[in-house]
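The values are calculated or read from the model by the stated rules, or taken from the named source; none is laboratory data. Here the structure is a predicted model, which is why all the values come from computation and not from measurement. Cβ placement follows ideal geometry from the backbone for every residue including glycine, while neighbour counts extend to all protein chains displayed.
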Amino acid sequence: MNSADFDVSELVMMGFAGPTLSPETLRTLRTERPSLFILFAQNYQDPRQLIALTEELQARSRESGLTTPVLISVDQEGGRVQRFRSGFTLLPTARKVGERDSPELALELTRLQARELHAAGLQLNFSPVCDVNTNPANPVIGDRAYGDTPELVANIAMAVVRGHLEEGVEACIKHFPGHGDTHLDSHESLPTVHTPLETLRVREWQPFRSAIQAGCRFLMSAHILLPHLDAVNPGTLSPTFLKRYLREELGYNGIITSDDMEMGAITKNYGAEEAPLRALEAGCDILCYRSESAALVAMESIRKALKDGRIKPDALRPSVERNRAARQRIRLASQTLSIEERLARIGNPESTRFIQERFN
């Protein structure tokens, strides 16, 4: 595979502004042919608008020459991290789910959650959080974790993965190698953690192992530094964690996606042109950017690195092939459901009653 055999955009997940496709974004679709997208609250007004947006993304991408569907993702964990709210079923926090200590209940809840996303035209949800909340002062995880023991988190995470997959949505476990014991928010700065390797293996990594065994095919890296194991690189930029521990030791062969490359942990410590190259070299398959402008900078940086020979096209072959295979598995809701049938699955009153009865 040489650089003419793939688009660098196949390695970059792109966000964009607004609830409709702007002229600038439409131009990017034509010129760069991105195939990986992430949506946020800024892209959402109501379920009908969201369906129209995801349908247009698919249609415009076909017009650009893509022969397989594009992958559209979201952070729809529940609790405080739920990008689509009004019109969707409001989901309980992971902590509330974990307090019930019932994989069967978690499975039922997740099927409800994923059914809505599938109907809306989403194919990937950045959930479940597999972090074990071992630090009560953790500013970024907290109630996003199912609990503070690896056994509980593992059991619930396995059910959540299965629930997504049963409804045609890919789950993405996060944040490897474990964000539960941090004291800083990686959205703002780079946390440093000194958890011993053996503790990581038996505590932080148990939920990841279990979720992988349950069939999870996406995993998100963490922007955290563990200097006793890699003195230079945070998890997202670390071959030690992504290749040695994740690929080799845990046997993970799915897609590795970075956490948002525009978070402070990355932007305040690594250059906008250098960071994407280091992430790819470390083993990331997908680089996630919340904004279109930053995604375009990353694409150009990768293109230049290929031209200059810093990165060889063959080094990117496994990532491109994994990402293409994920897109080939996509089952679009539009292939089997009408618009009205899709809308009826979103914000269903029965779903709200289920949550009120089981979690309130």
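Of all residues in region 42-87, exactly one satisfies the criterion of being in contact with an Asp or Glu (Cβ under 6 Å, 6 or more places away or on another chain) and among the β-branched types (Val, Ile, Thr), namely VAL81.
Just one residue in the set GLU108, GLU10, GLU116, GLU55 is of a type in the set (Asp, Glu) and more than 28 Å from LEU219 (Cβ to Cβ); that residue is GLU55.
Considering region 263-287 alone, what residues qualify as being within 14 Å of LEU190 (Cβ to Cβ) and free of Cβ contacts under 8 Å to residues at least 40 places away in the same chain? Once the filter is applied, which keeps residues that are within 14 Å of LEU190 (Cβ to Cβ) and free of Cβ contacts under 8 Å to residues at least 40 places away in the same chain, region 263-287 yields THR267, TYR270, ALA275.
Which of the residues spanning region 8-33 are of a type in the set (D, E, K, R) and part of a helix (DSSP H, G or I)? Selection gives GLU10, GLU24, ARG27, ARG30. Considering (1) surrounded by fewer than 24 Cβ atoms within 10 Å (Cβ to Cβ); (2) not in a loop (DSSP other than H, G, I, E, B), the lone condition that ASN253 does not fulfil carries the number (2).
Starting from residues that are of a type in the set (A, V, I, L, M) and over 22 Å from HIS164 (Cα atoms), keep the ones in region 190-221 and report whichever is surrounded by the most Cβ atoms within 10 Å (Cβ to Cβ). Before you say what the answer is, go through the steps one by one.
So in region 190-221, the residues of a type in the set (A, V, I, L, M) come out as 190, 193, 197, 200, 202, 211-212, 214, 219-220.
Remaining after also requiring over 22 Å from HIS164 (Cα atoms): 190, 193, 197, 200, 202.
Details: LEU190: 18, VAL193: 24, LEU197: 13, LEU200: 20, VAL202: 11.
Per the criteria, the residue is VAL193.
Restricting attention to region 65-93, the residues that are closer than 16 Å to ASN125 by Cα and either basic (Lys, Arg) or free of Cβ contacts under 8 Å to residues at least 40 places away in the same chain (or both) add up to 4. Here SER186 passes the criteria (1) within 19 Å of the chain's Cα centre (by Cα); (2) among the hydroxyl-bearing types (Ser, Thr, Tyr); (3) modelled with pLDDT of 95 or more except the one numbered (3). Per the listing VAL140, VAL132, the residue uniquely in contact (Cβ under 8 Å) with a residue 60 or more places away in the chain and farther than 15 Å from GLN76 by Cα is VAL132.
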